[in-house]
Amino acid sequence: MKGTFDVGQPFDSGLGNLANNALGKALAILRSGPPGIRIRLGGDAVSGHSRKDPENNRMVTYSYRLQLSPKHGLITKLKFYEFDDRFTVISETEYDVEGYAFIHDFALTKNYYVIPQNPVSFDIAGYASGQKCAIHCVKWQPFRQLKIHAIPRPVSPKSAQVIEVTPSSFIYHFANGFESEDENSIVLDALSYPRFPDFGFLLEPGKKYVDIDPDQTPIGRLHRITLGLDDGHGSATAYSPRAMEFPRINPSVTGRPHRYVYTAAALHPHFNRPPQAIAKVDTETGTATLWSRGFRYYTAEPAFVPRGKAQGPPAGSTDIAEDDGWLVALCYDAEKQRSELVILDALQIENGPVAVLPLQDSIPHGTGSLQ
């Protein structure tokens, strides 16, 4: 290993300007240049959204890749992984989707992995030729339906099902999923859009985020989606017209019925505006409680931390309230021009932060947040 810090001097000056390193391999002579040695690190690229099953303490994630198919044009090949508490792979499940599936997140239930097949197409020729970047190749197909794939987990006796959802939409993120008591349906809470939010134009010369017209951009809303496993019918209903994104739950109820979903939300009740509030959505009443510091304050994805016990209540326990914990979010104060870590009492977020940790520097306000 030659260099340990991007802007520092290497300990061994035999090769200059080293920046990027891996164990036993020098990867770059200059950070801005191509790797000096081209290697494959091996393994599969996996999703940034993993789920932990509280019933067996397994961490679950997935990877996927595209493969050309003479019959279907493209096949989306998925592989699901389950890890034990020592991060040893316990199971691998492969599943093929006919056609292109834009998958950013998934839901986990007792018996199923649940993924969306959004109604979009992918220009593989444009991508392979280098004429287009990946985001430019994804196009909304308004005459197709959203399909949800329910894929059996290794311990499940169930069979795979593909269910079309009405009305059609585009799903980025799931809050949670669970099965009904009779296991004849799957219930999902998801952030979905009426069409694909195409930001590919931002890659055009001279374009910036300030060029986005929010009134021309589809609004993401929290929906309750019900999949009938017996009749093959799927339906979706929005909880509220308010723009929301980045849904989270108490992780101890992953794969089981939940009551509360926490999101970043717009202040306006129905116009498409940036996230400037934290919302607590009660899925039983359909109401949302908000906390905000106004129009010069920007919120991000809130992470839920159970109070007292790091793992939350035991599976099936009713002794601890589902919302008994803390919401932690990285926010940006435009008036003070600084980022800060905000901690809210999830029981009463309307009371405001119980702690605010101002950061010395501003962190670029991105899409995801704390995990």
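Any read-out appearing in this document is the output of simple, stated calculations on the displayed coordinates, not a laboratory observation. Just so you know, these numbers come straight off a predicted model, no measurement behind them. A quick note on method: Cβ atoms are made from the backbone with ideal geometry, for glycine too, and the neighbour counts reach across all protein chains shown.
Values of log10 I(q)/I(0) for the stretch 220-300 across q = 0.12, 0.18 Å⁻¹ run -0.38, -0.76, by the Debye formula with one identical scatterer at each alpha carbon and no solvent.
So, counting K/R as plus one and D/E as minus one, what does the shell of residues with Cβ under 14 Å around A125 add up to? The answer is +1. By the count of other C-beta atoms within 10 Å, a proxy for reagent exposure, F87, F271 are ordered fewest to most as F87, F271.
Please compare each pair in K280/K336; K147/K208; K79/K147; K71/K132; K52/K79; K132/K207 to a cut-off of 21 Å on the Cα-Cα distance and tell me which ones are over it. As for pairs spanning more than 21 Å Cα to Cα, those are K280/K336; K147/K208; K71/K132. Scaled to the globular estimate 2.2 N^0.38 Å, the Cα spread of the stretch 247-371, given as radius of gyration, is 1.06. Looking at the square roots a ≥ b ≥ c of the eigenvalues of the Cα gyration tensor of the stretch 127-225, which shape do they give, rounded for a/c under 1.5, prolate if a/b is larger than b/c, or oblate? Note, shape of the stretch 127-225 comes out prolate. Each residue in C133, C331 was given a count of other beta-carbon atoms within 10 angstrom of its own, and listing them fewest first yields C133, C331. As a rough footprinting exposure proxy, the listed residues E301, E92 were ranked by other beta carbons within 10 Å of their own, and the order from fewest upward is E92, E301. From the square roots a ≥ b ≥ c of the eigenvalues of the alpha-carbon gyration tensor of the stretch 46-238, which class results: rounded (a/c under 1.5), prolate (a/b over b/c), or oblate? Prolate is the answer for the stretch 46-238, as a/c is 1.5 or above and a/b outweighs b/c.
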